[in-house]
Structures are given as C-alpha cells and as structure tokens.
1. Among DSSP beta bridges lying fully in the chain, give the percent that are antiparallel, nearest 5.
2. Counting Lys and Arg as +1 and Asp and Glu as -1, each charge on the Cβ, what is the dipole of the chain about the Cα centre in debye, to the nearest 20?
3. In the stretch 1-136, if the dipole is taken from +1 on Lys/Arg beta carbons and -1 on Asp/Glu beta carbons about the Cα centre, which of Gln48, Leu92, Met3 is farthest to the positive end?
4. So how much slack lies between Glu59 and Val177, counting 0.36 nm per residue of separation and subtracting their Cα-Cα distance, in nm?
5. What fraction, in whole percent, of alpha-carbon pairs in the stretch 30-174 exceed 20 Å separation?
6. Using DSSP to call loops (not H, G, I, E or B), can you name the GluC sites (Glu not before Pro) in the stretch 114-178 whose Cβ has at most 16 other Cβ atoms within 10 angstrom?
7. Treat the stretch 64-150 as a sphere of radius equal to its Kirkwood radius over Cα pairs and apply Stokes-Einstein at 20 °C in a medium of 1.002 mPa s; give the translational diffusion coefficient in µm²/s, rounded to a whole number.
8. Please give the Cα centre distance for the stretch 3-65 versus the stretch 88-103, rounded to the nearest Å.
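Where a number appears in this text, it was derived from the coordinates with a stated rule and is not lab data. Nothing here was measured: the structure is a model prediction, and the numbers come from that model. Note that we place each Cβ from the backbone using ideal geometry, even for glycine, and neighbour counts take in every protein chain shown.
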Amino acid sequence: MIMFLTVARKYAEALFSVIQDKSTSSLDFWSLVLNDAARVVSNSDVEQFISNPIIGKLEKLEALKNLLSPEAPKMFFNLIELLIERNNLLILPYVSEQFLRLKNNYEGVGVAKIFTAFSLSADQIKSLIAKLESLTGLILRPKILVDESLIGGVKIFIEDKVFDISVKNSLTRMQEVLSAL
C-alpha cells in the first residue's frame, strides 16, 4: 500500500507540475477527469480486464478510451498509456487522490473529517468549521461522519493533524492516569 502511494504521488506531482505551468489548464477540470477515470478503473469488471495478462496493452488502452470521457485532453490519455505500459493502471485512484491533495494544498483548502457521536446542525457545523479554519489557516471542506462510540464530543482529522475532544478519549486518558497510580 505504501509503495502504491509513493508511486502514485510521483505521477500526481509530475502531472500537477505540468498542468500548473499551463495557464489554460484548469486544476478543477483535471481533478474531475482523474476522479472519473479512477471510478472507471475501480469498477470490478474493468479491474479484472486490466489485470488480465492475456489482453494486450493496446487493447486495454482502446477499451479505456471508449470508457473514459472523450473530452479528456491528449495528455491525459498519454498518462493512461504510460500507466498501462508500466503495469500501474490500477494505481490511478491513488494518483487521483494525490492530485486532489496537491490541488487542495495549492489552493489552501483542506478536508476536515469530523466524527461526532450524534448529528450536528448546520449552525454547529458552520461554527466548528469557522473555529478550525482560524486555527489551521485553511479553507475547510467538512465531511461529517457519525460515530456513536465517541459517546460525546468530536474527533477531527485535518491533513496530518488530529483533534480528539471526544468523551471516549477523555475516559481513556482518565483510565490511563488512574491505572498509573
């Protein structure tokens, strides 16, 4: 898994640097194209087709050209061809993920995965995101997930930072302190 991420990051960085230099290219457009292609490649039937060693590389490329958006630029299909040539096509979802991370970092945007013990109102989410944005300096896109095991409070993941202010975490720390006595 780590090797996939490392290789995927290199492809994403190379693509990002080429696109970033072209003023007519849109990072949003490329992010959508990569995401759509990643979704196609992640389909179990397509994945099985791609993994079949009997099927030639040109056949795989032609099949994917038919499945993917014809609006995608030639450079995109060059990337697909390169991934097929190097037997790395199945890492395309990771390339898409890494590209989105680079795009978000470039734009000062982050994703805040917020785990709560119960549903939050729109006002609570707005208030929490405002506080987190001032703390991190990022424009945050919230992803709210309910995890009843937290008992109360929230656990937040932003990039490589974790903010755990859940009741479960407090109880765990209290238990550790009491156990040490």
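1. Values: 11 of 19 bridges.
The antiparallel fraction comes to roughly 60 percent.
2. Roughly 260 debye, rounded to the nearest 20.
3. Value: Met3.
4. Contour length minus Cα-Cα distance gives 36.3 nm.
5. Numbers: 6193 of 10440 pairs.
Summing the P(r) tail past 20 Å for the stretch 30-174 gives 59 percent.
6. Numbers: sites: Glu133, Glu148, Glu159, Glu176; in loops: Glu159.
Listed in order of number, the matching sites are Glu159.
7. On the way: Rh = 16.0 Å.
Estimated via Stokes-Einstein, D reaches 134 µm²/s.
8. Using only Cα atoms to place each centre, the spacing works out to 7 Å.
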